[in-house]
1. Highest mean first, what order results for 59-72, 214-227 on Cβ atoms within 10 Å?
2. Which whole-Hz couplings ³J(HN,Hα) result when phi for each residue of the range 97-102 is put into the Karplus expression 6.51 cos²θ - 1.76 cosθ + 1.60, θ = phi - 60°, listed in order with x for Gly and Pro?
3. Treating the beta-carbon of each Lys and Arg as +1 and of each Asp and Glu as -1, no other charges, what is the dipole magnitude of the chain about its Cα centre, to the nearest 20 debye?
4. How fast does the range 2-147 diffuse by Stokes-Einstein, in µm²/s, taking the Kirkwood radius from C-alpha pairs at 4 °C and 1.567 mPa s?
5. In nanometres, what is the gap between the two model label sites at Leu225 and Lys197, each 7 Å from Cα along Cα-to-Cβ?
6. Just for the range 118-241, what percent of DSSP beta bridges are antiparallel, to the closest 5?
7. Say the cut-off is 21 Å between C-alpha atoms; which of Lys117/Lys140; Lys197/Lys217; Lys86/Lys140; Lys197/Lys237 go over it?
8. For Leu63 and Ala42, FRET efficiency with R0 = 22 Å and r from the beta-carbon atoms, rounded to 0.05?
Amino acid sequence: MEFARLLARKKYDLVVVARNEGKLLQLKNELEPKGITVHVCACDLSRPDAALDVFNFTLEHGLEIDVLINNAGFGDSGAFADSDWKKQYEMVQVNITALMQLTHCFLPQMISRGSGKILNLSSVAAFCAGPGMSVYYASKAFVRSFSEAVAEEVKGTGVSVTALCPGPTATGFEAAAAMGKDSRMFRKAALAEDVAKAGLRAMQKNQALCYQGAFTKAMGFLCRLAPRALTRKYAKKMNAV
Ligand SMILES: NC(=O)c1ccc[n+]([C@@H]2O[C@H](COP(=O)([O-])OP(=O)(O)OC[C@H]3O[C@@H](n4cnc5c(N)ncnc54)[C@H](OP(=O)(O)O)[C@@H]3O)[C@@H](O)[C@H]2O)c1
C-alpha cells in the first residue's frame, strides 16, 4: 500500500494486485482523487501461472509497465516438520515463482524500450538461514540472489533491478506469519512508509541492493563476517515465539 501511495504522489498511474479486491478498490478510491488512474487486478499469486494473468491484464488494458514492484509475500512461523504443507507451497509460489514469472513477463518489454525499473522485496532474512521460519528465509535469499544476478545481466540496457532488504517493519506481516504479538523481531519495527521511501530511492539510483535501516545494515555487515553456524543460532533465538 505504501509503495502505491508514494508513487501516486509522483503521479504514476497504477496497476495494483492482491487477493483482497475490496481493499484494492478502497485504495483506488483513496488515490484516484490525486489525479491518477488505478487499475485493480484481483489475483491470487499462489496459483500456478497467476503472474501470466497479471501480464495479460496489462496487455488487455493496453498498459505499458515502467515500474514493476514485486511486493506480495508472506512468511510462516514454526518448525518445518510441523508446518502446514499448503502454506509452505503457497509461500514459494508467491515469494519466488510469481516474482520470477512477473519479472520474466515484463523484463523483455522494458529492455526493448530501453527503460524500466524492477523493485523486488527481499529481506534481512536473506542474510542467513532461519530456523523457525526456514522456507521464508530461504525464499528471501532466492529473491536477493536472483535480483542481484539479473541486475548485472541488464546493465547498460536502461533497465534496473533492485532487491530491497528491510528489517522488521510494522505491517500485516507478523499476523500473516503467525508470529504472535510479542515476537522479538518486531520490538523495534520500522515504519512501512520509511521502508518504501528507501526502496524507491534505491530503485531510482539503479542500486542492485538496498539494506533499509541501521539494524539491517548492521545485520548485513555482521552476517558477512560471522560464521554461518553462529548466525543461524542467532536467527533461531530471534524467531522463537
Ligand atoms: N513486514 C516485515 O517485517 C518485512 C520485512 C522484510 C521484508 N518484507 C516483505 O515485504 C513484502 C510486503 O509484506 P508486508 O510486510 O507489507 O506484509 P503484509 O502487510 O502482510 O502485505 C502482504 C501483501 O502481499 C499480498 N499477498 C499475500 N499473499 C498474496 C497472494 N497469494 N496473492 C496476491 N497477493 C498476496 C497481500 O494482499 P492480499 O492479502 O490481499 O492478497 C498484501 O498486499 C513481503 O514480500 C515481505 O516478505 C516484510
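Just so it is clear, none of the values below were taken in a lab; they were calculated from the coordinates. For clarity, every value in this text was computed on a predicted model and none was experimentally measured. Cβ: placed from backbone, ideal geometry, glycine included. Neighbour counts: every protein chain shown.
1. On the way: 59-72: 15.6, 214-227: 14.1.
The densest-packed peptide leads the list: 59-72, 214-227.
2. After applying 6.51 cos²θ - 1.76 cosθ + 1.60, I find 5, 5, 4, 5, 6, 5 Hz.
3. Working: 30 positive and 22 negative charges, 234 e Å.
So the dipole magnitude of the chain works out to roughly 1120 debye.
4. On the way: Rh = 16.3 Å.
Stokes-Einstein gives a translational diffusion coefficient of 80 µm²/s.
5. Label at Leu225, label at Lys197, 2.9 nm between them.
6. Values: 0 of 9 bridges.
Roughly 0 percent of the beta bridges in the range 118-241 run antiparallel, per DSSP.
7. Details: Lys117/Lys140 19 Å; Lys197/Lys217 16 Å; Lys86/Lys140 18 Å; Lys197/Lys237 30 Å.
Result: Lys197/Lys237 exceed 21 Å.
8. Details: r = 16 Å, r/R0 = 0.73.
After rounding to 0.05, the efficiency reads 0.85.
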